[in-house]
Every structure is written in structure tokens, then in C-alpha cells.
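Beneath this line is the structure, given in C-alpha cells, with notes to follow.
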Amino acid sequence: MDDARAPSETLAPSLRKAGEQIGVTTSVNGMRLMCRFGYSGAPMAGDLYERAPVGVLVKIPTSGSVCYGFIGSEAITSEAAALTPDSEAVAEIDLLGETLTGPRHPKRKFVRGVSIFPSLGAPVYLATAEDLAEVYARPTSQPIQIGTVHQDDTLPAYLIAQEFLCKHSAILGTTGSGKSCTVTLVLRTLLNAHPNGHVVLLDPHNEYGHAFGKIAEYITTNTLQLPYWLLSFEEITEVLCSREPVSRSREAAILKEAVLGARRDFAGKKEDDIEISVDTPVPYRLLTLVLRISDAMGKLDRPDSTLPYLRLLTTIENLRKDRRYAFMFGGVAAVRDNLREILSRILRIPVGGRPITIIDLSAVPSEITNVVVSVLCRLVFDFALWSLPEERIPTLLVCEEAHRYIPREENSGFDPTRRAIARIAREGRKYGVSLCLVTQRPSEISETILAQCSTVFALRMNTDKDQQFVRRTLPDDGAGLLRALPALRPQEAIVVGEGVTHPMRLRFLDLPPDCKPRGDSSNFPVAWQNDVKGSDFLAGVIERWRRQLP
């Protein structure tokens with residue numbers, strides 16, 4: 001993350017005059033109040049307005065507390081088109097929380113929410129440096145520093161690790177806003193504090209392998225083991241059956257009987273111990289599946305009815321020969337029950353100094369990417385579901401490009417993938433599975449699932465559609481800050497929810513150069529300066545292309 005702001009861009013000018021009264025309250029409406037700039041004996045309102053810009057923290061004393069809030073918007077109420085020293089101006093303040101005072105509360109402590117509201121005519125002051133330190137004090141429960149506070153870059157901004165991890169979260173922002181860097185910074189900071197963690201990151205663009213280095217188990221399609229027998233019936237149907245609905249229904253009926261029989265054949269006598277269904281994760285041989293389909297086809301009386309069987313057999317044969325599908329259909333001759341090894345590697349059991357698994361999906365054929373994501377999400381959840389409560393291993397599943405898998409439209413996308421992620425969103429917390437959704441298109445993601453994210457990092461968003469969607473989804477106590485979404489600079493975000501003590505605008509810490517993800521755009525002017533690529537370069541590209549090597 002590069003620091004794009006100049007040192008003079010902080011709100012230091014306001015802090016130099018902090019503690020000064022800027023106006024009085026003129027209306028109170030729940031957690032929002034109006035302030036009129038100026039008061040009896042004060043300088044002109046225009047002068048005060050210039051010293052209290054949007055986003056500054058203010059305080060309002062009450063009979064038994066001090067309320068704090070952000071200036072969310074300002075307006076000139078006089079008819080003059082330009083601001084003059086004689087102008088009348090008002091500010092809208094979104095209340096944040098309070099510090100209770102008096103003999104019953106000798107220790108000053110800021111808390112979210114307001115129990116004593118300001119009265120009409122109450123003075124409004126700029127917050128002092130001491131006030132800011134009180135509001136943004138270090139949390140008492142497992143805090144980790146991820147940045148600095150926007151209003152004062154000397155104050156650390158903390159994330160509450162337990163609240164962030166035990167509940168779902170989301171990182172939202174437009175392309176180029178710094179989502180990948182935010183994901184990297186947050187995860188690296190968490191794992192530095194908890195080196196025996198368990199994180200599974202689905203990486204669709206091969207961005208994160210470089211960012212985590214030796215602390216990551218990096219899995220590509222060349223090293224991924226996701227055998228076909230792990231697929232549920234819906235998932236194997238998506239891989240093997242035709243797209244056309246009528247043909248698919250015929251092929252699916254044939255495939256169901258064949259898969260069930262193949263699983264039972266492999267289980268043999270063990271079938272007496274477990275009830276095997278078409279979805280039970282019991283291995284089966286692809287050769288057995290082919291033989292069962294062929295045997296069923298041989299029993300037909302009418303040759304014209306063999307087409308669905310032939311299509312299935314042809315598809316299976318083509319996939320066996322396709323190098324891109326080797327991680328799923330490779331090594332079919334010697335099938336074995338290696339579910340323990342697969343889970344051990346993906347879930348990092350034991351951790352072995354690598355608390356995060358990065359699964360590079362960039363080389364997975366696009367036709368089955370949704371199927372692969374569905375299987376991985378199911379494995380993570382089912383492992384937690386069938387673990388004994390006292391033995392459960394809390395796991396964080398990070399889903400990049402989440403709008404691909406859980407689109408807003410209910411009838412779009414791959415339904416098993418949507419159900420797998422939705423199930424984690426609904427029930428994951430009970431079994432120790434936490435979900436982190438990352439997307440550049442928040443307005444295209446399932447609103448129901450996003451609403452279950454208790455902590456949200458909102459980075460810069462340029463489109464009204466995305467901004468309105470995020471404001472509608474997030475809690476009201478961050479509404480004022482969210483107005484700044486289009487104006488956020490690189491390396492800045494608004495964080496709301498359970499993972500922080502209260503909504504805040506922060507600037508993330510810098511990432512070391514060797515820990516940055518590969519999300520940067522190509523530098524066209526630099527790349528176009530020299531003509532250094534020749535035939536060897538082309539030969540290498542073509543060779544990798546033909547061999548389907550990453």
C-alpha cells in the first residue's frame with residue numbers, strides 16, 4: 001500500500017483549535033442532530049465553519065455524559081451563493097457514542113450508543129486530542145493494530161481479533177481501491193499474532209501466493225487433489241451432463257444410478273456400517289462408473305435410446321484425457337481413500353508453520369470453477385459440522401470475487417455453490433467456520449448473505465449503485481462516515497461493525513514491498529519503452545499454453 005497523501009492533508013488545523021465551541025444544537029432526531037454554527041459572543045459563523053470540516057469529531061456535553069459524533073454534512077442556510085463571514089451555516093452530526101460522567105462513573109470510558117441525548121441549545125465543541133485518544137482507545141479484548149485513525153494519524157486503529165474472526169466479515173471496494181492489500185494486511189497481522197491459525201483463501205487471480213511467502217501452503221492445479229468422487233451428485237452432474245435441460249435430465253437419471261452403484265461397489269462390506277447415498281463421500285472407481293453406464297446401455301431394447309449413455313461415456317473419456325482436469329480426473333486407475341490427506345493439507349492440520357492455505361483457481365477451467373468452489377466450501381463446513389464440539393478447529397474461509405459465486409439474482413450462478421456459502425453464512429458460527437467475502441461489485445452480491453457480515457471494510461466506491469447498496473446493508477451508526485466513500489484515498493477505508501469498537505475511518509499500515517499481492521495493473525508506458533521480447537519469449541508462452549502450465 002503506497003501512501004498517497006501529503007502530510008498537510010490531515011485534520012491537524014482543526015486539532016490546533018480543538019476544544020473550541022463551534023455552535024449549538026438546533027434539533028435532535030435519534031442518533032442524528034443539527035448544529036447551527038456560531039453562538040453568542042463567538043466569531044462569525046463562516047470563520048467557525050472553515051475550522052470544522054466534514055468528518056471532524058465533535059463533542060456535546062449533557063447532564064450526565066459527553067456525547068461524541070462526526071460532522072456528516074454541512075450547508076449554507078442563507079440565500080447568498082458564496083460563503084462569507086456573515087453567512088449562516090448548519091452541520092448534520094451523526095452521534096457515535098458517549099462517555100458517562102459524574103460520581104457514579106469516576107473512570108472515563110467511551111462506549112458505543114447514547115443513553116443521554118443532548119438538549120436543544122447545547123453547545124457543540126471540536127474534540128480535543130485527549131478526546132480522540134479516549135474515543136479511539138486500545139480495546140481490552142485481543143486488539144491488533146491495522147492502521148491509524150483518519151482524524152489523527154498518531155492514534156492507532158485497532159481490530160478486535162475475536163469479534164472479527166468469530167463472526168462473518170466483508171471487504172468491499174471498487175477496482176484499484178486496495179482490496180487485495182487490505183486482505184493481505186489484515187490476514188498477515190492476524191496470523192502474526194496467532195501463528196497456529198487456520199485460514200483458507202480462494203484466489204481466483206493468482207494474487208496472493210507472493211504476499212504470504214513461507215507462511216502459506218500454496219496450492220495450484222498442478223498440486224491440487226480434488227478427486228471426482230468428492231463431488232456431490234449435483235456437482236458431478238454439472239461436470240458430466242449436457243447443458244440442454246431435457247438431455248441433462250435424462251443423463252442425470254442414468255448417472256445417479258451409476259454413481260450410487262459405483263460407491264457401493266467400492267465400499268463392499270463396509271456398506272453394512274454406513275448408509276451410502278449418492279452424495280456420501282465414499283470413493284469409487286471411474287472404470288466402475290463407465291462399466292455400469294455401459295451395462296445399463298446394453299440392456300436397452302431400442303438403439304435410439306442409447307444417446308444419453310453415449311454422451312456420458314464420451315464426456316468422461318474426454319475429461320480423463322484433458323490435462324486441465326488432471327487434479328480431478330487424474331490417477332483414476334488407482335483410486336484410494338485419501339480424504340484425510342486432502343483435509344489435512346487444505347485445513348492445515350497440523351499447521352506446520354503454514355497457517356494459511358492459498359488455493360490458486362486461476363488455471364481451473366472456467367466451466368467448473370463454480371463446482372470447485374462449491375466442493376471446497378462444502379469440505380470446510382462439513383468437516384466442522386462432523387467434528388466433536390470440544391475438538392473443533394475454528395477456520396476462516398476467505399472468498400475472493402464473491403459476487404461470482406453468490407450473485408444477487410437468486411436464479412443466476414451455480415446453485416450448489418450459493419447454498420454452500422449461504423449455509424456457512426447462516427450456520428458457520430455455530431461450528432467455528434467464519435466467512436470473509438471480498439468483492440469489487442457489492443451491488444451484485446447476495447444482499448441476504450452480505451447482511452450477515454458483522455464487520456465490513458468499505459473502501460473507495462465510485463458508482464452510486466454500489467454506494468447506495470452498501471449504505472442500505474450496513475448499520476445506521478456508520479451512515480455519516482459512509483458518505484465519504486467516493487472521496488476515500490488509496491490505503492483508506494471505513495470500518496463498521498463488531499470487529500471495531502465503533503465505526504471509524506482509518507488509514508492502513510504500510511505493507512512491506514515483498515508482502516504485496518500481485519494486483520497492480522501493468523505499467524504500459526514503462527513496458528512500451530523497450531522492444532526486448534523475441535522468438536524465445538513467444539516459444540515459452542506457446543509451450544505453457546499448449547501444456548496448460550501456469
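The values are calculated or read from the model by the stated rules, or taken from the named source; none is laboratory data. Just so you know, these numbers come straight off a predicted model, no measurement behind them. We place every Cβ from the backbone using ideal geometry, glycine too, and count neighbours over all the protein chains shown. To get the accessible areas, we keep the full protein, side chains included, count just its heavy atoms, and leave off ligands, DNA and RNA. Shrake-Rupley method; radii C 1.70, N 1.55, O 1.52, S 1.80 Å.
Computed quantities for the displayed model
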quantity: Square roots of five times the Cα gyration tensor eigenvalues for the stretch 121-186, Å; calculated: 27, 17, 12
quantity: Spin-label model distance (nm) - ARG472 vs PHE233, 7 Å beyond Cα toward Cβ; calculated: 3.7 nm
quantity: Principal axis box of the stretch 149-298, alpha-carbon based, largest edge first, Å; calculated: 77, 38, 29
quantity: Portion, in percent, of the accessible area of the stretch 333-447 that falls on carbon or sulfur, probe 1.4 Å; calculated: 48 percent
quantity: Antiparallel bridges, percent of DSSP beta bridges restricted to the chain (to nearest 5); calculated: 65 percent
quantity: Computed magnitude of the charge dipole of the chain (debye, nearest 20; Cβ of K, R +1, Cβ of D, E -1); calculated: 1140 debye
quantity: Karplus 3J(HN,Hα) series, Hz, for the stretch 411-416 with 6.51 cos²θ - 1.76 cosθ + 1.60 (x for Gly, Pro); calculated: 8, 9, x, 8, 4, x
quantity: Shape category assigned to the stretch 363-507 from the gyration tensor of Cα positions, a/c cut at 1.5; calculated: oblate
quantity: Solvent-accessible heavy-atom area per residue, rounded to whole Å², over the stretch 385-466 at 1.4 Å; calculated: 44 Å²
quantity: Kirkwood Rh and Cα Rg combined as Rg over Rh, evaluated for the chain; calculated: 1.08
quantity: 222 nm mean residue ellipticity, helices alone, for the chain (DSSP H n ≥ 4; -39,500 (n - 2.57); rounded to 500); calculated: -9500 deg cm²/dmol
quantity: Quotient of Cα Rg and 2.2 N^0.38 Å for the stretch 73-192, N being how many residues it contains; calculated: 1.43
quantity: Extension gain from ILE542 to THR463, taking 0.36 nm per residue of separation minus the Cα-Cα distance; calculated: 24.5 nm
quantity: Rounded to whole Hz, the Karplus (6.51, -1.76, 1.60) HN-Hα couplings of the stretch 261-267, x for glycine and proline; calculated: x, 5, 5, 5, 5, 5, 5
quantity: The stretch 323-411, Rg to Rh (Cα coordinates; Rh as Kirkwood inverse mean 1/r); calculated: 0.98
quantity: Per-pair calculated FRET efficiency, R0 = 41 Å: GLU367 and SER535 via Cβ, rounded to 0.05; calculated: 0.80
quantity: Zero-based 10 Å bins, Cα pair distances in the stretch 226-350, whole percents; calculated: 12, 42, 33, 11, 2, 0
quantity: With Cα atoms, 0 to 90° folded angle of helix 179-193 axis to the chain main axis; calculated: 90 degrees
